[in-house]
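Below you'll find the structure, written out as structure tokens, and then a few comments.
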Amino acid sequence: MSRFIALWLSLPLGLLCACSMAAEAESNYVDLWQLQQEARGADPRVLKAQAQVRSGEGRQREALGRMLPQLNANGSVNRSRRDDDLSRTEYNGKRAALALNQVIYDPQSWRSYQKYAELAQQSQFESTNAQVVSSIDLSERYFSVLAAEDELSLVRNELEATRHNLKRVESLYKKQMVLVTDPLDVQARVDTLEADEIEAANKVAISREAISELVGRDVQEPLKRISDNPAFSPPAEAESYWVQIALESNPALQAREHSVNAADAAIREAKAGHLPRLGLNLTAQRSDIGYEGTLTPRSDNFVASLDLQVPLYSGGSTSAKVVASEGDKEAAQQDLEALRRQIVKETRSAYIGITAGLSRIKAARRALESAEKSRLATEKAYQYGVKNATDVLDSVKNEFSARRDLYQSQYKFVTSLLVLHRWSGRLSDVDIRRANDWLVAPI
């Protein structure tokens, strides 16, 4: 430890200050993982889904409770007065009873429990899907902020370069070395870029508000950005693998499957309205109150009974409920099929986007290199009178456009990778952290 302290004290003061400033700057930045952690406890969609899980579990327990023993106790104390032609009598009376009811055969209650069990499972998968959707939504909004800030930065850089060219063109015009249209063209481009700068700044503010909406606070900290040379790589598995996994593991699809199962249980519950019910009743009573409140000797009564209920006719309501439940099941099946097709489409689209994204990034890098060389060549040619001011403006614009395309292709690749994991049902903290590892604080 002493050697470490001695080494630290021997470092130049400037280096120590630089390290301290770098660490402080690093701490001021927020990244995707930090915002994900905040959104999990603040996104209303996630909190609502968690509340629905608790509601589903409660309803399932309620349905189970209707099939368990029901124990009730009641008692009464009264003061009675009896008048007749010969006398008036006042007396106290007491009655206490304990009743136990147990369902022996009640298919409607059992099928109702099965329905709520399926609905509870549905809410569990919907909660998982809500967390996944929130993560993807935040990721897309995060990279939208980066794209908007890139746009603003590039517009400002292009504006600065164009203003520099304007001064140079005006100097050449004073020497009568360029046409009068050259400074006018450059000035028009400056005016356009100034308007673009205002629009780009508005986009940055709006995109940041989108993140603030999810995390529940005003997000004004600088965001970490993708490093210069991120180690992007395509998925190792084939497209068919991801489609198969998506159909097996997607939480939204599993929630819809439980919705169909719940609808099927609701049909069986409705049909059980035609079936008999059998219950056991045990009653114990102690009382000294007789008929019409008369005083009688205390007595203990114990009763055991079997109650059989056989539905005969309910006005057609039971049959109507069956028809309605069958319609609900068909609607749930159609929702399931629609989601299954959407999952296949979105999974394939995300996979194609990833494979094409890597090629797009490589092409964008080459295009940027070519645009930089073209801009330098055009500026030199302009100095020799071979090119005009419009050519210089176009070359500058093409360079910044190529840089913008490179940034956006990187963002699209990352979001496509996360979307692929989302639809496959395998989006986890590991995937979010992997994407977060590509983000660094700008130097």
Problem - Flag for residue 262 being out of contact with any Ser or Thr (no Cβ under 7 Å at 6 or more places or on another chain), small (Gly, Ala, Ser) and at pLDDT 95 or above - result: yes
Exercise for the section: For residue 359, indicate whether it is over 30 Å from residue 228 (Cα atoms), modelled with pLDDT under 95 and part of a helix (DSSP H, G or I). Expected result: no
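Quick grid of which residues meet (1) polar (S, T, N, Q); (2) over 30 Å from residue 417 (Cα atoms); (3) exposed (fewer than 12 other Cβ atoms within 10 Å of the Cβ); (4) in contact with an Asp or Glu (Cβ under 7 Å, 6 or more places away or on another chain):
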site	(1), (2), (3), (4)
271	no, yes, no, no
288	no, yes, no, no
308	no, yes, yes, no
361	no, no, no, no
371	no, no, no, yes
378	yes, yes, no, yes
Exercise for the section: Among the residues of the stretch 191-212, write down those that are surrounded by fewer than 17 Cβ atoms within 10 Å (Cβ to Cβ) and polar (S, T, N, Q). Expected result: 192, 202, 212
Fill in the blank from the handout: From the option list 319, 305, 314, single residue qualifying as out of contact with any Phe, Trp or Tyr (no Cβ under 9 Å at 6 or more places or on another chain) and either part of a helix (DSSP H, G or I) or among the aliphatic types (A, V, I, L, M) (or both) is 319
Completion exercise
Across (1) under 30 Å from residue 423 (Cα atoms); (2) surrounded by fewer than 13 Cβ atoms within 10 Å (Cβ to Cβ), residue 303 clears everything bar (1)
Practice task
Restricting attention to the stretch 173-206, report how many residues are of a type in the set (Lys, Arg) and within 23 Å of residue 146 (Cα to Cα).
Solution key: 1
Handout entry: Matching entry among 95, 61 (being over 24 Å from residue 283 (Cα atoms) and not in a loop (DSSP other than H, G, I, E, B))
Key = 61
Problem - Residues that are touching a Leu at 6+ places or on another chain (Cβ under 8 Å), within 28 Å of residue 129 (Cβ to Cβ), assigned to a helix (DSSP H, G or I) and not acidic (Asp, Glu), drawn from the stretch 385-441 - result: 411, 413, 418, 421, 432, 435, 436
Exercise for the section: Being in a loop (DSSP other than H, G, I, E, B) and under 29 Å from residue 48 (Cα atoms) is the filter here, so list the residues in the stretch 208-244 that pass it. Expected result: 216, 217, 218, 219, 220, 221
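Here's the yes/no breakdown for (1) on the phi > 0 side of the Ramachandran plot; (2) crowded, with 18+ Cβ neighbours inside 10 Å; (3) modelled with pLDDT of 90 or more; (4) among the polar types (S, T, N, Q):
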{"residue": "149", "(1), (2), (3), (4)": "no, yes, yes, no"}
{"residue": "170", "(1), (2), (3), (4)": "no, no, no, no"}
{"residue": "180", "(1), (2), (3), (4)": "no, no, no, no"}
{"residue": "189", "(1), (2), (3), (4)": "no, yes, no, no"}
Fill in the blank from the handout: In the stretch 381-392, anything touching a residue at least 24 places away in the same chain (Cβ under 8 Å) and either surrounded by fewer than 22 Cβ atoms within 10 Å (Cβ to Cβ) or in contact with a Cys (Cβ under 7 Å, 6 or more places away or on another chain) (or both) is listed as 385, 388, 390
Handout entry: Looking only at the stretch 33-58, and only at residues there that are of a type in the set (Gly, Ala, Ser), free of Cβ contacts under 8 Å to residues at least 40 places away in the same chain and assigned to a helix (DSSP H, G or I), the one that is nearest to residue 131 (Cα to Cα)
Key = 51
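Kindly establish whether residue 127 is in a helix (DSSP H, G or I), among the small types (Gly, Ala, Ser) and touching a strand residue (DSSP E or B) at 6+ places or on another chain (Cβ under 9 Å).
no
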Handout entry: Boolean, residue 267 is closer than 24 Å to residue 423 by Cβ, touching a residue at least 12 places away in the same chain (Cβ under 8 Å), under 38 Å from the mean Cα position of the chain (by Cα) and surrounded by 14 or more Cβ atoms within 10 Å (Cβ to Cβ)
Key = no
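Table: residues versus (1) touching a Lys or Arg at 6+ places or on another chain (Cβ under 9 Å); (2) in contact (Cβ under 8 Å) with a residue 12 or more places away in the chain; (3) of a type outside the set (A, V, I, L, M, F, W, C).
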residue: 91; (1), (2), (3): yes, yes, yes
residue: 97; (1), (2), (3): yes, yes, no
residue: 111; (1), (2), (3): yes, yes, yes
residue: 138; (1), (2), (3): no, yes, no
residue: 142; (1), (2), (3): no, yes, yes
residue: 145; (1), (2), (3): yes, yes, no
residue: 168; (1), (2), (3): no, no, yes
Fill in the blank from the handout: Picked from the stretch 226-252 (must be within 27 Å of residue 43 (Cα to Cα) and in contact with a helix residue (DSSP H, G or I) (Cβ under 6 Å, 6 or more places away or on another chain)), the residue modelled with the lowest pLDDT is 226
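The values are calculated or read from the model by the stated rules, or taken from the named source; none is laboratory data. Note that the structure is a prediction, hence the values are computed from the model and not measured. Counting neighbours? That spans all protein chains shown, and the Cβs are built from the backbone with ideal geometry, glycine included.
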